[in-house]
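Written out below as structure tokens is the structure these notes cover.
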Amino acid sequence: MLWSQARCLGHLVASDITQKGYEKKRSKLIGAYLPQPPGVDQALPQERRTPVTPSSSSRYHRRRSSGSRDERYRSDVHTEAVQAALAKHKERKMAVPMPSKRRSLVVQTSMDAYTPPDTSSGSEDEGSVQGDSQGTPTSSQGSINMEHWISQAIHGSTTSTTSSSSTQSGGSGAAHRLADVMAQTHIENHSAPPDVTTYTSEHSIQVERPQGSTARVAPKYGNAELMETGDGVPVSSRVSAKIQQLVNTLKRPKRPPLREFFVDDFEELLEVQQPDPNQPKPEGAQMLAMRGEQLGVVTNWPPSLEAALQRWGTISPKAPCLTTMDTNGKPLYILTYGKLWTRSMKVAYNILHKLGTKQEPMVRPGDRVTLVFPNNDPAAFMVAFYGCLLAEVVPVPIEVPLTRKDAGSQQIGFLLGSCGVTVALTSDACHKGLPKSPTGEIPQFKGWPKLLWFVTESKHLSKPPRDWFPHIKDANNDTAYIEYKTCKDGSVLGVTVTRIALLTHCQALTQACGYTEAETIVNVLDFKKDVGLWHGILTSVMNMMHVISIPYSLMKVNPLSWIQKVCQYKAKVACVKSRDMHWALVAHRDQRDINLSSLRMLIVADGANPWSISSCDAFLNVFQSKGLRQEVICPCASSPEALTVAIRRPTDDSNQPPGRGVLSMHGLTYGVIRVDSEEKLSVLTVQDVGLVMPGAIMCSVKPDGIPQLCKTDEIGELCVCAIATGTSYYGLSGMTKNTFEVFPMTSSGGPITEYPFIRTGLLGFIGPGGLVFVIGKMDGLMVVSGRRHNADDIVATALAVEPMKFVYRGRIAVFSVSVLHDERIVIVAEQRPDSTEEDSFQWMSRVLQAIDSIHQVGVYCLALVPANTLPKTPLGGIHLSETKQLFLEGSLHPCNVLMCPHTCVTNLPKPRQKQPEIGPASVMVGNLVSGKRIAQASGRDLGQIEDNDQARKFLFLSEVLQWRAQTTPDHVLYTLLNCRGTIANSLTCVQLHKRAEKIAVMLMERGHLQDGDHVALVYPPGIDLIAAFYGCLYAGCVPITVRPPHPQNIATTLPTVKMIVEVSRSACLMTTQLICKLLRSREAAAAVDVRTWPPVLDTDDLPKKRPAQIYKPSNPETLAYLDFSVSTTGMLAGVKMSHAATSAFCRSIKLQCELYPSREVAICLDPYCGLGFVLWCLCSVYSGHQSILIPPSELETNPALWLLAVSQYKVRDTFCSYSVMELCTKGLGSQTESLKARGLDLSRVRTCVVVAEERPRIALTQSFSKLFKDLGLHPRAVSTSLGCRVNLAICLQPHRLGKLAEQGTSGPDPTTVYVDMRALRHDRVRLVERGSPHSLPLMESGKILPGVRIIIANPETKGPLGDSHLGEIWVHSTHNASGYFTIYGDESLQSDHFNSRLSFGDTQTIWARTGYLGFLRRTELTDANGERHDALYVVGALDEAMELRGMRYHPIDIETSVIRAHKSITECAVFTWTNLLVVVVELDGSEQEALDLVPLVTNVVLEEHYLIVGVVVVVDIGVIPINSRGEKQRMHLRDGFLADQLDPIYVAYNM
């Protein structure tokens, strides 16, 4: 398994220690584990652990808190096995990276805020008495091995490494400290932790831990400082050190790969587990059904239980029936048989005659009523139960509901509802204690039917008349009572038991246990169900026995109480669970005069739990000297359906030892019994639970499929055929048939008897001599890749991992969740408030190792939650199904999580092998042969379009502006709006022309610039920017638009400005007066070197004169302007736009959007690059239309600004960015009504184009359309465009609506297609139906612009591809950019991107490579001119795509899945680092939810993408960087993460 263990003792400290001092410390440390010399009380050294304040907690309390172990799961042999298994891992020197946690998350709650968990456990198989019991071996034999192992550990570890720790910007340096790279083992010690350095025989190593250097506030995304780890290896940061650690760990060989596959609906094949040819198979003969002894009916046995009650109540009215105890252990009340008889009659009379009216009684014989009695009042319960039997109504006993929302109470309510219960019987005290509404009513509990609460105390009841007498008849097939049962999934079923079954069961127990009249029996169990009910309420009355009932509250105060009562009453029989024996062991030292010789039978109710054997052994070990005989211990096995399944008979023969089996755990996972394998570590020791019940037949059948008899060496589900069993699940005939009407088959296919058997839910086998062995429950079964594991066994292994001081013993849940077609094991435990992060993490990693070694199964997730937070059953145990539910919905709120998907997910599809590349020619021929067309398309041909475009006769935009200034001087070209929606500024043709002239003069005279010089324009979005641009053209300079630095964030925004100015080789910088000041400010000087700026010109102060002449370029191919932008991968790329390309671009847009002077267009875009700049600055001058300019930054103060402007100016065409659309969708979602009232009307909008350079965000555009549909927005109006660096606009889609649509000039609908995401990973396009699994909706990127040709090419071979393939989009057009503007002239990069040729087919055309992957699809639609419409679909950027497992993944797809995984994930970004997938999620919620996200993120990525997440990083909102276009900057994020600059809330490294 993937774990190293370097053992070191205690904490590493920087100090030397002498040999003598070391020995002393060592003996102090491990004293608790060494065998004590006889006569030394082992409890002594433990007392020092915590100062116990003298309080009401009696002396038992203190002892328990120091020495208790949950004996149910305790086995010395097993503990040794676990330790040995862990010791094996010691040699591997590789550690697991510890998760990083923000400080605020570590210091989650102060110690005082915790109460130790109340494990007020009762009848379930749960908890220990006191949650904080320490784990120390009770008997010393288990620890000898430990001592040897510790000494080895101390001498074995010779090196130790710590890593550097620096204080970082978030101030949470220590929280992120990399775990000492060597995993430390903390040996449990009961005094303060001593300082012992790793000791070696040659020399001691001193470890200095550098305390954080002076706190340097790192820039949010700067370069990481190089740091050194302790062993001198320079790494870029702690994060990368951890990732390296993780990568090393994951390089280790995994389990052998599987061979066979099943097809998951596509050729991505998921591996399916093939049986291992060497796995053990059952070899025995077919088993024979086992008959119990005959049920010998004794003549004086009563004909029914009520008859027995009548007999004893009349002939021995003074005989004691039940003695109840108070919390001090004093007898509280003695119920005699006479009182039981008269009171039960009274209850029966009142139920039948005093509820409802005479004509309409509420309850009739055969109706169901529920019994709600607390665990400390068995007398009231008994009276009510027998009252129901006498009245012939059916009691349904349940737990007392404590709050309105108890875990699982809804399901109990469902049971009561389905049973038609309308009346609840309860005691006075219980009735008073139920939660009440302010009016004093008992509220309706969640999911419960409406109930009438009826108190059964005698004083509240009327006496029955003299002539009334209950009808007592012989036992028949009517239902006697219903016992509830909670299933694995949390649902609650009611098992019906008939009167004859009830009586026969009492008879069988009487015979098996040898009960005689007037015997005394001590009962610690829950008397409402199961063994406690059968022995303590029912069989006892049949035999007139005396029951001493010990309430659970007394056991909590005094765990010895039951033993004291056995001595005091000289009881013959006691009914207990293994935990009661365990608690008695812990507390017995104070008692001198215990004598258990009166016991002839100690019934162990949970004998079916294989781990009960250790309690039985330890108990016998200690109490043998106090008169306890070995043959007295009688484990039994029971189930709600089959009642008592088997019980060990009390014998007088002490020579016959009980049955034992030492079984190979490995064999058991295959359902095969193999006695003690060679692998001594993983064995399960089981004890027999006695023989089959009298009058019953038992066999075992295969757990799944048809009920076929097992072989003799095979584990199966035990089935019983007898009268004394349940008969059905109330109201559920289908489930009843599967459980209560089973006909076991022989191998020849015939049933073994004509009588039906009942499935007991117990897994086991019938051993030699007819002894029954149980190895687990069907409910606890987890089938992981074909092997069966039992939850109890996993719990036992986890609890055997020392030291146990990090988690509470009784508070651990194990269940499986289904992820990617297999079960995955999840362990959840409650962590103690005082354990440190490192300690808990250490313990967790050792638990994983232990389970891997002993069970050969990987744990998918191990989570620790704060003390007392797991949902409880009414009796204090853990509510398993509720815990699983919380885990799956992400509301468990763990404080530590360790996920190991790499270890346990072995059924991923095979990584895709790259085929030897098929040549491009063969691909083309193949496409032709298969009838697929080559993917190519084009917009309208510019040459054939007839239009009266006056601007066409000018080659240069500067000429167009001069022409407009002469012909239409007062025509308004630009209107700028402020945040209030009023006009801030506007420009007519002549104003723009004159302003540009003045700027040209300024450039020539003050800037002394030559033509061809580059000028950086640093302006806010507005009119100044446009004037400055044309000023540059008039002066013959080349403008570069640059986004100004943000005044509140100069440190991060100014360096980008500086970089663009430098890279573009600007000779001068033009800007406003305000920004001038900003550039010279002190903050600016701190961020960049201000001395190296080129000259700065302030255009607020312009010269008054005109230039002598306006510059006219000599050649249209010369440079018009440079367009700089930062790509999503963080590259700054500037492209060259020639005058010819600029004019062609404007003409293409004019034709596509049908722009002319009378039109108005609203633009809400950033004007710094790409299509946004062209629309803001150039198009109006070319086409003459009026542009209404809305700076996107103004929307932050007034989100409705853009839409109000569109409505007010009655605009038909508008352009925006995704960030603007998102702002409107989020900011105006709730305001549509008030906007409507303000007169907002979008019905005139026919095109609303989102300007983007990415895959269309279909979810956003759809929600925007839906949201504003009520305000008149036509759903087909919204569309997207596609631009990139080589061509600033390839597609621009106006959907013509309204009048034009009827005239037939409309473009087709934007089409949406659904493609198979799995095919896309293989670069293939497969269309599927909407809603089919793995479907991905894609929206067309807009209509191809006139004069643009597109082809899809293979990015590697450069061959043309067919329609069904995903490839790179290549574009040929007159408005392509002419190349990158690079300082170093990296020609190869440029020629490839701008001058590519196909390697086959049309090899003449020169194409530009867009860097985007996409595909073309012919649609059924036709254009206005009757041509077929080709739709272009963009899937994602080539350099963002991630190559994982040989397949191509697009980050956005994984991110979409992750965002859906939990309501608190607002944003997500993924990237890869050294082949690990890193997922960063922004958490909108409390930091306590951070760890909930880790399993959910891992699950969803596995399920939907077949990928294992390597690292999950949870960060605050706003940490994922977004650029001005609203695109995620994943590479920036990656650099920030690796340089430790994200200040994450939590970082989980999945193993």
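The values are calculated or read from the model by the stated rules, or taken from the named source; none is laboratory data. From a predicted model like this one, the values you see are computed outputs, not experimental measurements. Methodologically, a virtual Cβ is constructed for each residue, glycine included, from the backbone with ideal geometry; neighbour enumeration extends over all protein chains shown. These accessible areas exclude ligands, DNA and RNA; they are computed on the full protein's heavy atoms, side chains included. Shrake-Rupley method; radii C 1.70, N 1.55, O 1.52, S 1.80 Å.
Matching residues to (1) of a type in the set (Asp, Glu); (2) out of contact with any Leu (no Cβ under 9 Å at 6 or more places or on another chain):
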position: Cys1177; (1), (2): no, no
position: Ser1193; (1), (2): no, yes
position: Glu1196; (1), (2): yes, no
position: Leu1240; (1), (2): no, no
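When the range 603-627 is examined, which residues are found to be over 29 Å from Asp793 (Cα atoms) and either touching a His at 6+ places or on another chain (Cβ under 8 Å) or in a loop (DSSP other than H, G, I, E, B) (or both)? Talk me through it step by step, then tell me what you get.
So the first thing to find is which residues in the range 603-627 are over 29 Å from Asp793 (Cα atoms), and the list is 625-627.
Gly627 - this is the single residue of the range 603-627 that is over 29 Å from Asp793 (Cα atoms) and either touching a His at 6+ places or on another chain (Cβ under 8 Å) or in a loop (DSSP other than H, G, I, E, B) (or both).
Which residues, counting only those in the range 394-443, are on the phi > 0 side of the Ramachandran plot and modelled with pLDDT of 90 or more? Steps first, please.
In the first step, residues of the range 394-443 are kept if they are on the phi > 0 side of the Ramachandran plot; the result is 408, 420, 440.
Within the range 394-443, just Gly420 meets the criteria.
In this structure, is Thr486 closer than 25 Å to Cys721 by Cβ and out of contact with any Gly (no Cβ under 6 Å at 6 or more places or on another chain)?
no
Could you list, in sequence order, the residues of the range 628-658 that are assigned to a strand (DSSP E or B) and β-branched (Val, Ile, Thr)? Break it down stepwise before answering.
Of all residues in the range 628-658, those assigned to a strand (DSSP E or B) come to 633-639, 643-647.
Result: Ile633, Thr644, Val645, Ile647.
Where the second residue is hydroxyl-bearing (Ser, Thr, Tyr) and open to solvent by less than 50 Å² (accessible area, probe 1.4 Å) and the first is assigned to a loop (DSSP other than H, G, I, E, B) and lies in the range 453-465, which pairs have Cβ atoms under 6 Å and are six or more apart or on separate chains?
Listed pairs, sorted by first residue: Pro464/Tyr349.
From (1) in contact with a Pro (Cβ under 9 Å, 6 or more places away or on another chain); (2) crowded, with 20+ Cβ neighbours inside 10 Å; (3) β-branched (Val, Ile, Thr); (4) outside any strand (DSSP E or B), pick out the condition that doesn't hold for Thr1053.
Among (1) in contact with a Pro (Cβ under 9 Å, 6 or more places away or on another chain); (2) crowded, with 20+ Cβ neighbours inside 10 Å; (3) β-branched (Val, Ile, Thr); (4) outside any strand (DSSP E or B), the lone unmet condition for Thr1053 is (2).
For the range 1318-1377, please list each of the strands (runs of 3 or more DSSP E) lying entirely inside it that holds at least 2 residues being surrounded by fewer than 23 Cβ atoms within 10 Å (Cβ to Cβ).
1335-1339, 1367-1373
Name every residue in the range 858-874 that is touching a residue at least 60 places away in the same chain (Cβ under 8 Å) and open to solvent by 10 Å² or more (accessible area, probe 1.4 Å), in order of residue number.
Passing the criteria: Pro866, Asn868, Pro871, Lys872, Thr873, Pro874.
With the structure loaded, tell me whether Leu1122 is touching a Ser or Thr at 6+ places or on another chain (Cβ under 6 Å), in a strand (DSSP E or B), closer than 27 Å to Tyr1380 by Cβ and open to solvent by less than 40 Å² (accessible area, probe 1.4 Å) or whether it fails that test.
Against the criterion (touching a Ser or Thr at 6+ places or on another chain (Cβ under 6 Å), in a strand (DSSP E or B), closer than 27 Å to Tyr1380 by Cβ and open to solvent by less than 40 Å² (accessible area, probe 1.4 Å)), Leu1122 qualifies.
Based on what the data block shows, is Thr498 within 21 Å of Cys575 (Cβ to Cβ), touching a residue at least 24 places away in the same chain (Cβ under 8 Å) and surrounded by fewer than 22 Cβ atoms within 10 Å (Cβ to Cβ)?
no
Listed here are the residues, each with its yes/no results for (1) on the phi > 0 side of the Ramachandran plot; (2) among the polar types (S, T, N, Q); (3) surrounded by 16 or more Cβ atoms within 10 Å (Cβ to Cβ).
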| position | (1), (2), (3) |
| --- | --- |
| Cys699 | no, no, yes |
| Cys710 | no, no, yes |
| Thr736 | no, yes, yes |
| Thr739 | no, yes, yes |
| Val742 | no, no, yes |
| Glu754 | no, no, no |
| Gly761 | yes, no, yes |
| Gly767 | no, no, yes |
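Just the residues that are part of a strand (DSSP E or B) and in contact (Cβ under 8 Å) with a residue 40 or more places away in the chain, please, taken from the range 328-342. Break it down into steps so the answer makes sense when it comes.
Start the filter on the range 328-342 by keeping residues that are part of a strand (DSSP E or B), which leaves 331-336.
Selection gives Tyr333, Leu335.
Residue-wise test of (1) touching a strand residue (DSSP E or B) at 6+ places or on another chain (Cβ under 6 Å); (2) more than 22 Å from Tyr515 (Cβ to Cβ); (3) among the small types (Gly, Ala, Ser); (4) in contact (Cβ under 8 Å) with a residue 24 or more places away in the chain.
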position: Leu585; (1), (2), (3), (4): no, yes, no, yes
position: Asp593; (1), (2), (3), (4): no, yes, no, yes
position: Arg600; (1), (2), (3), (4): no, no, no, yes
position: Ala608; (1), (2), (3), (4): yes, no, yes, yes
position: Ser615; (1), (2), (3), (4): no, yes, yes, yes
position: Phe619; (1), (2), (3), (4): no, yes, no, yes
position: Val622; (1), (2), (3), (4): no, yes, no, yes
position: Leu628; (1), (2), (3), (4): no, no, no, yes
position: Glu631; (1), (2), (3), (4): no, no, no, yes
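Can you work out which of the residues in the range 1493-1514 that are in contact with an Asp or Glu (Cβ under 9 Å, 6 or more places away or on another chain) and modelled with pLDDT of 95 or more is nearest to His821 (Cα to Cα)? Talk me through it step by step, then tell me what you get.
Residues of the range 1493-1514 in contact with an Asp or Glu (Cβ under 9 Å, 6 or more places away or on another chain): 1496, 1504-1506, 1514.
Now restrict to residues that are modelled with pLDDT of 95 or more: 1496, 1514.
Numbers: Leu1496: 16, Val1514: 27 Å.
Applying the filter and picking the extreme gives Leu1496.
Can you pull out the residues in the range 572-602 that are part of a loop (DSSP other than H, G, I, E, B) and surrounded by fewer than 24 Cβ atoms within 10 Å (Cβ to Cβ)?
Lys572, Gln591, Arg592, Asp593, Ile594, Asn595, Leu596, Ser597, Ser598, Leu599, Arg600
Do we have any residue at all in the range 520-539 that's open to solvent by 10 Å² or more (accessible area, probe 1.4 Å), at pLDDT below 90 and part of a helix (DSSP H, G or I)?
No: zero hits.
Test of understanding: among Ser835, Ser840, Ser853, which residue is among the small types (Gly, Ala, Ser), open to solvent by 10 Å² or more (accessible area, probe 1.4 Å) and assigned to a helix (DSSP H, G or I)?
Sole residue among the options that is among the small types (Gly, Ala, Ser), open to solvent by 10 Å² or more (accessible area, probe 1.4 Å) and assigned to a helix (DSSP H, G or I): Ser853.
Pairs under 7 Å by beta carbon, first residue on the phi < 0 side of the Ramachandran plot and assigned to a loop (DSSP other than H, G, I, E, B) in the range 277-296, partner surrounded by 14 or more Cβ atoms within 10 Å (Cβ to Cβ) and aromatic (Phe, Trp, Tyr), six or more apart or different chains?
Between residues of the range 277-296 that are on the phi < 0 side of the Ramachandran plot and assigned to a loop (DSSP other than H, G, I, E, B) and residues that are surrounded by 14 or more Cβ atoms within 10 Å (Cβ to Cβ) and aromatic (Phe, Trp, Tyr), the close pairs are Gln279/Tyr670; Pro280/Tyr670.
Residue-by-condition table, conditions (1) under 14 Å from Met899 (Cβ atoms); (2) basic (Lys, Arg); (3) in a strand (DSSP E or B):
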residue: Arg1460; (1), (2), (3): no, yes, no
residue: Lys1463; (1), (2), (3): no, yes, no
residue: Glu1467; (1), (2), (3): no, no, yes
residue: Val1479; (1), (2), (3): yes, no, yes
residue: Leu1491; (1), (2), (3): yes, no, no
residue: Val1494; (1), (2), (3): yes, no, no
residue: Asn1499; (1), (2), (3): yes, no, no
residue: Glu1504; (1), (2), (3): no, no, no
residue: Val1512; (1), (2), (3): yes, no, yes
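All but one of (1) farther than 17 Å from Gly1411 by Cα; (2) open to solvent by 30 Å² or more (accessible area, probe 1.4 Å); (3) not aromatic (Phe, Trp, Tyr) hold for Pro1113, so report the exception by its number.
(2)
What is the residue count in the range 802-832 for residues that are buried (at least 20 other Cβ atoms within 10 Å of the Cβ) and of a type in the set (S, T, N, Q)?
2
Every residue in the range 792-802 that is over 15 Å from Leu864 (Cβ atoms) and out of contact with any Ser or Thr (no Cβ under 8 Å at 6 or more places or on another chain), please. Don't jump to the end; show me each part of the working.
First, pick out the residues of the range 792-802 that are over 15 Å from Leu864 (Cβ atoms): 792-794, 796-797, 800, 802.
Those that are over 15 Å from Leu864 (Cβ atoms) and out of contact with any Ser or Thr (no Cβ under 8 Å at 6 or more places or on another chain): Asp792, Asp793, Ile794, Thr797.
Please go through the range 272-319 and give me each residue that is open to solvent by less than 60 Å² (accessible area, probe 1.4 Å), within 26 Å of Pro707 (Cα to Cα) and polar (S, T, N, Q), ordered by number.
Gln279
What residue, among those in the range 894-929 that are farther than 30 Å from Gly1347 by Cβ, open to solvent by 70 Å² or more (accessible area, probe 1.4 Å) and not charged (D, E, K, R), is modelled with the highest pLDDT?
Restricting to residues being farther than 30 Å from Gly1347 by Cβ, open to solvent by 70 Å² or more (accessible area, probe 1.4 Å) and not charged (D, E, K, R), the top hit is Gln913.
Mind counting the residues in the range 343-376 that are open to solvent by 80 Å² or more (accessible area, probe 1.4 Å) and outside any loop (DSSP other than H, G, I, E, B)?
Adding up the residues that qualify gives 1.
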